[in-house]
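I have placed the structure first, in the form of structure tokens, so that the comments after it can refer back to it.
The values are calculated or read from the model by the stated rules, or taken from the named source; none is laboratory data. If you're wondering where the values come from, they're calculated on a predicted model, not measured in any experiment. Virtual Cβ from ideal backbone geometry, glycine too; neighbours counted across all protein chains shown. Keep in mind that these areas ignore ligands, DNA and RNA; they rest on the heavy atoms of the full protein, side chains included. Shrake-Rupley method; radii C 1.70, N 1.55, O 1.52, S 1.80 Å.
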Amino acid sequence: MSILSTIKTSCRDCYKCVRHCPVKAIRFSMGHAEIIDERCIKDGRCVLVCPQDAKVIRNDTGIVKSFLKNKDFVIASLAPSFVAAFPNIDPSQLFNALKSLGFSLVRETAEAAELVALEHAQLVKEGKKAIITSSCPAINALIYKYYPQHIPYLAPVVSPMVAHARLLKKEFKDEHPRVVFIGPCIAKKAEREENEIIDEVDVALTFDEVKEWFAQENIDLNQFPIETENLSSVQWARAFPVEGGLLKTGDFDTGILSQESVVITGIERCQRFLENFENEKEGLKVIEMMSCEGGCIDGPLLKSPLSLYQRRRKIIEFSQKNASSHHTKKILELPSLRREFNPLPIPQPQPSEEELRKILNLTGKFTPQDELNCGACGYNTCREKAIAVYQGLAEAEMCIPYMRARAESFSSFLIAVTPNGIILVDENLRIVDMNPALRQIFDLKGRLMVGKMLDEFIDPSIFVEVRRTKKAVSQEIHYPQYNNVYVKLSVFYLEKSGLLMGVFVDLTKQKDQEQMMEEIRGKTLEKAQQVITNQMLVAQEIASLLGETTAETKSLLSKLMKILRGENVEE
Ligand code: SF4
Ligand code: SF4
Ligand code: SF4
């Protein structure tokens, strides 16, 4: 199952998630949002902004429960932002609550964060310049998917989550431990599945999943006694989730006037910096980048009642109160903290100017003045959206001003009220629109048709011909598969928009009446024939008695038969 997905039935087609997605990893198809996994960097923005809660995050607690059931030695690696996520309890209460779920041990990820920061400092000592920190997996994904040319600047160092797993697996190697990271981040779930470090961390849970688990087990965290803290020996790494935390931990110059380091948080700011990286990196030794504004303390699944600044204060207080005077106690032989990043570039096919123009024409944009660039569709400009249509990410109808204007226009009014069915298809024979009358004629109520290929609806051969010749064609057609509907179908080529329009005049009633009349006529003829035969017999009998001819009677009855057959009758 994908880490992130959309509940189609909940999605209300508002485009808010597209508007906020920094890399436009959301496709609209049949009027619903769909996350494209390869494009997504799992920063979680779409989850936070969706007003319908239509985005779902994969729940991985089941895997941890299976480890526990299996009696595995399961260690919780608790991200340093936990003090902001559980602000009203003592850390020892959280540790004990986790143990009551079955974890064998609870350790702070900060232990490894300290080593990760020092590894970054080591890179600078080795003479590397403009190093981009690699502790935020959403930023790493942004770089290896969208800016692969900057990978040489991305620190080849694992994140604190992976470093901690390596550390714990070495320290407890005899117990063959399972390491479960718990933090505020969706991107960590994707990070543990990256090829270069796959499965080093056994599971990445969010604080949200753990809170839900406590609720399922009716665990009240306040029930646990506060114990004298027995926290790890960490100097500054508990401040990692605050912006600048890595630089502070790695003893970089973090002064406000520092010329050698810079901290950039918030995905758009990071994108802008990376766009202009060649100029921006000038003179810098290290660049701390984090996807969430303010750092992990604003992680998508931290969900704290505290404001961002209260969270920051809480973390810094906790960090200062428990800071040891020296760096982490190192185990005898540290595991390597290095890793590779490999490019996974996202193909971005670009349309030619002519192709772009055709797409813009579909929504009534024929001149630059028609391009409103209002952003209502989720894209910044009409051209950006047209490119997304070309790339199969967006649908032409996502242009709200166009759709509204169309709905309000007189011709649209006519199309809406005409008893004739009308369909519009694009040059690829994909259905762009159809009016209510057409749905009625073919009994398509409630069926999603827009966006489908025409051949999923009817035989498209007339449309194919009109597309080729650009000349209108009319034909009577019988559709036995749609309740024996008979129509006269006229297809036109609309030069300006490049669309094909089909007009369906419903002949079903007329055909039914004709058939009924035919049946009545047949029956009447049969009856008349019977009457004539009987009359002739009677007439012959009377004539033989009176000695007269029956010719006149026969002639009159024959005329009646011709009238019924609709034939000409001579006087
Ligand atoms: S934000 Fe996206 S997923 Fe949510 S309702 Fe709007 S379009 Fe659908
Ligand atoms: S997680 Fe981020 S990149 Fe992925 S679809 Fe949502 S907003 Fe876009
Ligand atoms: S800033 Fe922190 S919480 Fe946000 S995506 Fe990066 S690692 Fe995850």
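Numerical summary
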| read-out | value |
| --- | --- |
| Pairs from Lys8/Lys488; Lys358/Lys471; Lys55/Lys365 whose Cα-Cα separation, in the structure shown, is over 26 Å | Lys8/Lys488; Lys55/Lys365 |
| Cα-based convex hull volume of segment 348-397 per residue, rounded to whole Å³ | 68 |
| Distant alpha-carbon pairs in the chain (separation over 40 angstrom), percent | 48 |
| Carbon/sulfur fraction of accessible area - segment 178-224, other protein chains in place, 1.4 Å, % | 39 |
| Accessible area in square angstrom per residue, segment 59-321, 1.4 angstrom probe | 41 |
| Phi to ³J(HN,Hα) by Karplus 6.51 cos²θ - 1.76 cosθ + 1.60 over segment 124-133, Hz, x for Gly, Pro | 5, 4, 6, x, 6, 10, 6, 6, 8, 5 |
| Residue-normalised accessible area of segment 345-485, expressed per residue, 1.4 Å probe, Å² | 55 |
| Largest-first ordering by accessible area, 1.4 Å probe, given options Cys50, Cys374 | Cys374, Cys50 |
| Carbon/sulfur fraction of accessible area - segment 4-56, other protein chains in place, 1.4 Å, % | 48 |
| Surface per residue (accessible, 1.4 Å probe) for segment 4-56, Å² | 43 |
| Listed pairs Lys125/Lys285; Lys188/Lys303; Lys523/Lys559; Lys189/Lys281; Lys509/Lys562 exceeding 20 Å between Cα atoms | Lys189/Lys281; Lys509/Lys562 |
| Relative contact order of the chain, pairs being alpha-carbon contacts under 8 Å that are 6 or more residues apart, as % | 13 |
| Rounded to the nearest 20 debye, dipole of segment 363-518 from Cβ charges on Lys, Arg, Asp, Glu | 280 |
| Beta bridges per DSSP with both ends in the chain, % antiparallel, nearest 5 | 60 |
| Ranked order, Ser291, Ser5, Ser558 - accessible area, probe 1.4 Å, largest first | Ser558, Ser5, Ser291 |
| Residue-count net charge about Ile441 - beta-carbon cut-off 15 Å; Lys, Arg +1, Asp, Glu -1 | +2 |
| 0 to 90° range, to nearest 10: angle between helix 207-216 axis and the chain longest Cα axis | 80 |
| Accessible area of Met403 in the full protein assembly, 1.4 Å probe (Å², nearest 10) | 60 |
| FRET efficiency, Phe73 to Glu354 (Cβ-Cβ, R0 60 Å, nearest 0.05) | 0.40 |
| Charge dipole (debye, nearest 20) of the chain; +1 at Cβ of Lys and Arg, -1 at Cβ of Asp and Glu | 640 |
| Under 21 Å from the Cα of Lys69 - lysines, other chains or at least 8 residues apart | Lys99, Lys169, Lys173, Lys211 |
| Cα-centre dipole for segment 4-56 with unit charges at Cβ (Lys and Arg positive, Asp and Glu negative), debye to 20 | 140 |
| Linear extension gain, Met536 paired with Gln510, 0.36 nm per residue minus alpha-carbon span | 5.6 nm |
| Peptides 26-38, 234-246 ordered by average Cβ neighbours within 10 Å, highest first | 234-246, 26-38 |
| Stretchable slack from Ser324 to Glu340, in nm (0.36 nm times residue separation minus alpha-carbon distance) | 2.6 nm |
| Linear extension gain, Glu518 paired with Lys471, 0.36 nm per residue minus alpha-carbon span | 13.3 nm |
| Portion, in percent, of the accessible area of segment 425-523 that falls on carbon or sulfur, probe 1.4 Å | 49 |
